[in-house]
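First comes the structure, then the notes that go with it.
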Amino acid sequence: MIITWLVPLMISCVLVSVAFFISWKGYDNMNNQKLAPFECGFDPMSKMRSPFSIRFLLLLMLFLVFDVESILLLPLVMVSFYGINVLMNYIMCFFLLILLGGLLYEWYNQVLEWMI
């Protein structure tokens, strides 16, 4: 009975001591730049922030919209395995047409053309 408690306790102690030794050994070669937080590619130590293109934000918003809409299509695909009625088929086609219309609008307005 005592062995069932002693063996996991010993393994846990060994793992904790190894993790502590590795973290203590790795702390010796740290400098100020490694200890500084990394936030979005900006250097937090400097006051000057370089401006970034708003196209990054636009591309992120487009990705989120199309990603969420594609996730909304997954239940419709799963329902089609169990038999789909005509109304559900029309709804899915209408939804895909809205997606295609949004993509063509963005393509026509050259939103997806990347410039630095």
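List the residues of the range 66-98 whose backbone N lies under 14 Å from a point placed 7 Å from the Cα of Leu104 along the Cα-to-Cβ direction.
Counting backbone N atoms under 14 Å from the label point, the list is 94-98.
Could you compute the net charge surrounding Glu106? Neighbours are other residues with a C-beta less than 14 Å from the C-beta of Glu106; K and R count +1, D and E count -1. Don't skip to the answer; put the middle values down first.
Values: positive: Arg55; negative: Glu69, Glu113.
Here the charged neighbours net out to -1.
Could you check the spin-label model distance between Cys93 and Leu57? Points 7 Å from the Cα along Cα→Cβ, value in nm.
Each label point lies 7 Å from its Cα, and together they span 4.0 nm.
Bear in mind these aren't lab numbers, they're just calculated from the coordinates by the rules spelled out. From a predicted model like this one, the values you see are computed outputs, not experimental measurements. FYI the Cβ positions are ideal-geometry reconstructions off the backbone, even for glycines, and counts take in every protein chain you see.
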